[in-house]
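Here is the structure we will look at.
The values are calculated or read from the model by the stated rules, or taken from the named source; none is laboratory data. Just so it is clear, the model here is predicted, and its values are computed rather than measured. Heads up, the Cβs are rebuilt from the backbone with ideal geometry, glycines too, and the neighbour counts pull from every protein chain shown.
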Amino acid sequence: MKIVGLTGGIGSGKTTVTKEFTKYNVPIYIADDRSKYILANDAVVIEKVKNLLGDKAYLENDGEWFPDRAFIASKVFNNKGLLEGLNNILHPAVRNDFDKFCDEYYNAEYILYEAAILFETKGNERCDKTILVTASLNERLTRVMSRDQISKEDVVARMKNQWSQKAKLDLADLVIINDNIDLIAKKVRLVHQFMLND
Ligand SMILES: CC(C)(COP(=O)(O)OP(=O)(O)OC[C@H]1O[C@@H](n2cnc3c(N)ncnc32)[C@H](O)[C@@H]1O)[C@@H](O)C(=O)NCCC(=O)NCCS
Ligand SMILES: Nc1ncnc2c1ncn2[C@@H]1O[C@H](COP(=O)(O)OP(=O)(O)OP(=O)(O)O)[C@@H](O)[C@H]1O
């Protein structure tokens, strides 16, 4: 079983591209989603996040507690120390969770590991191949502002905590340029064939 990492800066189109791989029954691990699950459900993680950011990091609703992601984002994306603290809590937990996923799908030809900050966290060292999804800076800004209804400043704050597209291009094995949505299905079909024959 090969591990294929799929990454790209915020708003590049990782989720859009990843969805295309589901057509081919490729097992897909989405680090952002699993990270959210862990943040909401792992008791040890919850305790550590409260210690780092305060009790306000979680909100109560009908007797249940949920991470207040807007509050957490407002704290960490403008404070490198706090972001590092949060990453240090969540990333080892995500790695453990991914180990279990790999065990479950050890029979697959390859599995896709989607992560926004694959290279930044050295996650690529675990991958046999890496795919980078790209789009122009302006496109990415516009897409995220419209998708999440957040300000340009909020998107830029996240971008500042990610490597530049140029730095990632130097490391990626394959690149999917996501400028035209109509071409994504064809590009993914070609990449899938490449992975099967590699
Ligand atoms: C701070 C949190 C709660 C904000 O949640 P929110 O729903 O607003 O954002 P979401 O998780 O959907 O992330 C959206 C995008 O923000 C960017 N982003 C998220 N985490 C990070 C990070 N640690 N460093 C840089 N960019 C990040 C990515 O481009 C991501 O796709 C959340 O992003 C989080 O827990 N981040 C830390 C965990 C992490 O590193 N996740 C990313 C891969 S494991
Ligand atoms: N080629 C495209 N043309 C126009 N809109 C697009 C294109 N690709 C993706 N989008 C839209 O742009 C937004 C961002 O795409 P997507 O959510 O796939 O990016 P992402 O890289 O997963 O972002 P994030 O890092 O925030 O998770 C979405 O609303 C999506 O529908």
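Conditions tested, residue by residue: (1) over 27 Å from Tyr29 (Cα atoms); (2) within 16 Å of ligand 2 (Cβ to nearest atom); (3) in the same structural domain as Asp148 (by TED's automatic domain parsing).
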{"position": "Leu53", "(1), (2), (3)": "yes, no, no"}
{"position": "Tyr58", "(1), (2), (3)": "no, no, no"}
{"position": "Asn61", "(1), (2), (3)": "yes, no, no"}
{"position": "Phe71", "(1), (2), (3)": "no, no, no"}
{"position": "Ser74", "(1), (2), (3)": "no, no, no"}
{"position": "Asn78", "(1), (2), (3)": "yes, no, no"}
{"position": "Glu84", "(1), (2), (3)": "no, no, no"}
{"position": "Asn88", "(1), (2), (3)": "no, no, no"}
{"position": "Val94", "(1), (2), (3)": "no, yes, no"}
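Return the residue satisfying two criteria in turn: it lies in region 7-39 and is in contact with a Phe, Trp or Tyr (Cβ under 9 Å, 6 or more places away or on another chain) and closer than 21 Å to Leu183 by Cβ, and of such residues it is nearest to ligand 2 (Cβ to nearest atom).
Gly9
Can you find, within region 6-35, the residue that is nearest to ligand 1 (Cβ to nearest atom) among those that are within 10 Å of the chain's Cα centre (by Cα) and not in a helix (DSSP H, G or I)?
Ile10
In region 108-158, what residues are polar (S, T, N, Q), within 14 Å of Leu174 (Cα to Cα) and within 14 Å of ligand 2 (Cβ to nearest atom)?
Listed by number, the list holds a single entry, Thr134.
Look through Asp99, Asp42 and report the one residue that is free of Cβ contacts under 8 Å to residues at least 60 places away in the same chain, in contact with a helix residue (DSSP H, G or I) (Cβ under 7 Å, 6 or more places away or on another chain) and surrounded by fewer than 18 Cβ atoms within 10 Å (Cβ to Cβ).
Asp42
Examine region 14-35 for a residue that is among the basic types (Lys, Arg), in contact with a Gly (Cβ under 8 Å, 6 or more places away or on another chain) and in contact (Cβ under 8 Å) with a residue 12 or more places away in the chain, and state whether such a residue exists.
Yes, region 14-35 contains a residue that is among the basic types (Lys, Arg), in contact with a Gly (Cβ under 8 Å, 6 or more places away or on another chain) and in contact (Cβ under 8 Å) with a residue 12 or more places away in the chain.
Does any residue of region 82-105 turn out to be within 13 Å of ligand 1 (Cβ to nearest atom), modelled with pLDDT of 95 or more, outside any loop (DSSP other than H, G, I, E, B) and within 12 Å of Ser12 (Cβ to Cβ)?
No, region 82-105 contains no residue that is within 13 Å of ligand 1 (Cβ to nearest atom), modelled with pLDDT of 95 or more, outside any loop (DSSP other than H, G, I, E, B) and within 12 Å of Ser12 (Cβ to Cβ).
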